[in-house]
Amino acid sequence: MTTPNDKLERSIHLLVAANRILANEGVVDAYGHVSIRHPHHHDQFLLSRSLSPELVTAQDIFAYHLDGRAVMENSPNPYLERFIHGGVYKNRPDIQAVVHSHADSVLPFTISQTPLKPVIHTASDMGVEVPVWDIQDHFGDTNLLVTNEDQGDDLAQGLGEHKVVLMRGHGFTAAGRSLMEVVKVSVYLPKNAKILMDALRLGPVKALTAGEVEIRSKVDPKSPQMWRAWEFWCSKAGIAPGSSQDL
């Protein structure tokens, strides 16, 4: 019989796996982070303490309120930008997992007038449009980090109903209906950005159409084809994949 603690333990394992995958795939390096909504408390999320994703273990995962406060008193140092995650979960009840990355190949699209469009089918989960959020618009000159609740809420407004929002001169934040979905978005978004950049050097580019993206969006985020990718990434990262039912 499955108990609540069993589900929490499985969720924590999957979050550790997501950290390892994103590090192994080069989506995050010493910085960046991934979270999931708490399986038992919709108004909380699970996130590692401040640690490079490749080093995260189950003992490093802690619960946070949506305003960024740690649930456990005297918990270890949290990520400064945990407010990114809290803001998205607060403003998007449908979202179950969030990734923040500084992937190099995405950065040119955060500081130019050229929009980041989906051009490869594996990146269709990013959506037809990817908005760019500029922290300077409402907060003036900052260190470009999202370090308080107001900034997190503002970023979430910039995300709107999209799957991805670019952050000017900083990186991107991705949101998903499942942990597996947001990891897939985050892995293929930088690949799509690199391919688009290469193609733009050749001339005009044809992006995926709204209809093509809509068709692909109907894929169940827990489908066998999604699970196949998750197993592959876990194998490469040297960690057990867990159960597809929990993703």
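Any read-out appearing in this document is the output of simple, stated calculations on the displayed coordinates, not a laboratory observation. No experiment lies behind these values; they were computed from the predicted model shown. Please note: Cβ atoms are built from the backbone with ideal geometry, for glycine as well, and neighbour counts cover all protein chains shown.
If you take the charge dipole of the chain about its Cα centre, with +1 on Lys and Arg Cβ and -1 on Asp and Glu Cβ, which of W227, I21, A175 is farthest toward its positive end?
W227
What is region 101-247's relative contact order, in percent, from Cα pairs under 8 angstrom and six or more apart in sequence?
Worked out over region 101-247, it gives 31 percent.
Going by C-beta contacts inside 10 Å, put V132, V183, V164 in order with the fewest on the left.
Lowest to highest Cβ neighbour count: V132, V164, V183.
May I ask you to derive the relative contact order of region 51-93, considering only C-alpha pairs under 8 Å and at least 6 residues apart, and to give it as an integer percent?
35
Specify whether the C-alpha gyration tensor of region 142-221 places it in the rounded, prolate or oblate class, a ≥ b ≥ c being the square roots of the eigenvalues: rounded for a/c under 1.5, otherwise prolate if a/b is larger than b/c and oblate if not.
Values: a/c = 2.19, a/b = 1.31, b/c = 1.67.
Here region 142-221 falls in the oblate category.
State, as an integer percentage, the relative contact order of region 4-237 based on alpha-carbon contacts under 8 Å between residues 6 or more apart.
Result for region 4-237 is 22 percent.
Karplus couplings for region 18-26 from phi (6.51 cos²θ - 1.76 cosθ + 1.60, θ = phi - 60°), rounded to Hz, Gly and Pro as x?
Running phi through 6.51 cos²θ - 1.76 cosθ + 1.60 with θ = phi - 60° gives 4, 4, 5, 4, 4, 5, 5, 7, x Hz.
With the Cα gyration tensor of region 1-103 giving a ≥ b ≥ c as the square roots of its eigenvalues, does the rule (a/c under 1.5 for rounded; else a/b larger than b/c for prolate; else oblate) give rounded, prolate or oblate? Before the final figure, lay out the partial values.
Working: a/c = 1.42, a/b = 1.20, b/c = 1.18.
It comes out rounded by the Cα gyration axes.
At a 10 Å Cβ-Cβ cut-off, how would you order K191, K236, fewest neighbours first?
Going from least to most buried by this count: K236, K191.
Arranged by the count of other C-beta atoms within 10 angstrom, fewest first, what order do T147, T57 take?
So the residues, fewest neighbours to most, are T57, T147.
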